[in-house]
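These notes concern the structure reproduced below.
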Amino acid sequence: MTTIGSPARTYRSATATAVTITAGAAGHLIGHGTVSLAGLLITALPIALAAWVLTARECTLAMIAGATFSGQLTVHVLLSTLSGMPADGARMSGSSMDGALPMFLGHALAAVVVAWWLRRGERRIWTALRRAATAARRLGLLLGSSPRPPACPAQRRRSASPAAPWRLLAPLRHAVVLRAPPSFA
């Protein structure tokens, strides 16, 4: 797999960060009822850092699901810690697991949905980039440019020969010419 340039990577990591923080904050809001802007800004840094690292290459659905799930839990726990509430649910009615299981399952479901949505965008971006690279490579071959620079000076001398302009017609070598001057024989 190949890596992609910085503008696309920045866009992808920003999207993943925003979606992960939104889902994590929504879970926290449902469980605790409050979300502070300062808390969201503090949680954005580790999530954005992780998203930047993960977007260096094309991500699979499993990678995205794992990252969004752990990111949502990180946001939820950090927001709970910053607000002084327990991270496993504010409305517990007995044991500490009463609020933790629904929170855990809610984040797992949100991670699957978010991962599916992000993977669709990921696949479209990478398909477009592969098609653009293939088109550029074909255009380069059509115009006679070499896909790689020559390895040694002897190859450079050969490509500078008088026959080099005929390389432009190389894609046409399979064409059949049906017209010719009349034959007098």
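The values are calculated or read from the model by the stated rules, or taken from the named source; none is laboratory data. The model shown is predicted, which means the values in this text are computed figures rather than measured ones. These accessible areas exclude ligands, DNA and RNA; they are computed on the full protein's heavy atoms, side chains included. Shrake-Rupley method; radii C 1.70, N 1.55, O 1.52, S 1.80 Å.
The string of couplings for the range 102-116 from the Karplus curve (6.51, -1.76, 1.60, θ = phi - 60°) is x, 5, 4, 5, x, 5, 5, 5, 4, 5, 5, 5, 5, 5, 4 Hz, one whole number per residue in order, with x for Gly and Pro. Sorted largest first by accessible area at a 1.4 angstrom probe radius, with every protein chain in place, the residues Trp116, Trp52 fall in the order Trp116, Trp52.
Each residue of the range 125-138 was assigned a 3J(HN,Hα) from its phi angle through the Karplus curve 6.51 cos²θ - 1.76 cosθ + 1.60 (θ = phi - 60°); the sequence is 4, 5, 5, 5, 5, 5, 5, 5, 5, 5, 5, 5, 5, 5 Hz, with glycine and proline shown as x. Volume per residue for the range 1-77 equals 74 cubic angstrom (convex hull of Cα atoms).
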